[in-house]
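The values are calculated or read from the model by the stated rules, or taken from the named source; none is laboratory data. As the structure is a computational prediction, the values presented were derived from the model and not from experiment. Ideal geometry is used to build each Cβ from the backbone, glycine not excepted, and the neighbour counts take in all protein chains shown. Remember, those area values only see protein heavy atoms, side chains included, never the ligands or the DNA or RNA. Shrake-Rupley method; radii C 1.70, N 1.55, O 1.52, S 1.80 Å.
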Amino acid sequence: MSIASKITEINANLPGTTRLVAVSKFHPAPAIQEAYDAGQRIFGESKVQELVEKQDLLPKDIEWHFIGHLQTNKVKYIIPFISFIHSADTVKLLEVINKQAEKQRRIINCLLEIHIAREDTKYGFTIEEARSLFEKNTLGKFENVCIRGFMGMASLTDDMRKIRTEFRTLSAFFNEIKEKYAPWFDTLSMGMTDDYKIAIEEGSTLIRIGSYIFGNRGND
Ligand SMILES: *Cc1c(COP(=O)(O)O)cnc(C)c1O
């Protein structure tokens with residue numbers, strides 16, 4: 001199936017509350033253009049330099065989402081155009097995003113990355129750490145950052161029950177923080193190629209799909 005037909009197929013089956021982030025990392029601008037021509041507007045990238053180069057080549061109404069680990073010294077390069085940063089994983093990073101956003105007179109939408117389980121990534125806040133940030137209102141001083149919710153990745157496993165439990169845990173935590181501290185919360189980013197259907201059932205509002213649309217890294 002072509003990139004265009006995959007985009008059409010996924011979007012046609014999404015519930016109204018969930019949107020697709022087409023994860024285009026490692027894939028060249030023409031592949032992104034093909035998805036764009038099929039109507040896709042939200043794209044996710046995980047490397048700053050790659051993102052900056054592609055952003056320059058592609059239509060300006062693309063909504064770029066940064067989904068990878070973000071180094072503080074590279075924040076300034078994406079602030080002029082980024083729509084969403086899914087991977088805010090330390091208070092220090094949020095402080096830098098806030099400072100750069102203030103300089104460039106923007107307000108940046110961010111998600112706190114929550115470490116729910118996945119063993120092969122060390123990034124993200126634990127649920128306890130994140131809860132404490134809201135109890136103490138640690139992030140309230142960042143006026144140029146808008147925390148819209150959370151991002152999480154489930155374990156790399158075939159055990160669908162385990163994946164569902166992890167998404168359910170993150171979804172419950174999202175609802176808890178939204179009720180107690182952050183009524184504006186509207187974004188829960190969870191679900192990738194292998195687990196997005198479960199993620200949607202558990203309340204995801206943004207799914208991040210790469211290989212299903214664009215093929216594996218280095219393939220078509
Ligand atoms: C690469 C990546 C994805 C997409 O993964 P696929 O399994 O290819 O769909 C989603 N989220 C993050 C954070 C990623 O790095």
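Here Thr193 meets each of (1) touching a residue at least 40 places away in the same chain (Cβ under 8 Å); (2) among the hydroxyl-bearing types (Ser, Thr, Tyr); (3) touching a strand residue (DSSP E or B) at 6+ places or on another chain (Cβ under 6 Å) with one exception, condition (1). Using the structure shown, decide if Glu50 is of a type in the set (D, E, K, R), within 13 Å of the ligand (Cβ to nearest atom) and modelled with pLDDT of 95 or more. It is true that Glu50 is of a type in the set (D, E, K, R), within 13 Å of the ligand (Cβ to nearest atom) and modelled with pLDDT of 95 or more. Annotation: of all residues in segment 172-220 being in a helix (DSSP H, G or I) and among the small types (Gly, Ala, Ser), the one that is nearest to the ligand (Cβ to nearest atom) is Ser211. Of all residues in segment 15-30, those that are under 23 Å from Glu113 (Cα atoms) and either open to solvent by less than 30 Å² (accessible area, probe 1.4 Å) or in contact with a helix residue (DSSP H, G or I) (Cβ under 6 Å, 6 or more places away or on another chain) (or both) total 6.
Of all residues in segment 11-26, exactly one satisfies the criterion of being within 16 Å of the ligand (Cβ to nearest atom), in a loop (DSSP other than H, G, I, E, B) and small (Gly, Ala, Ser), namely Ser24.
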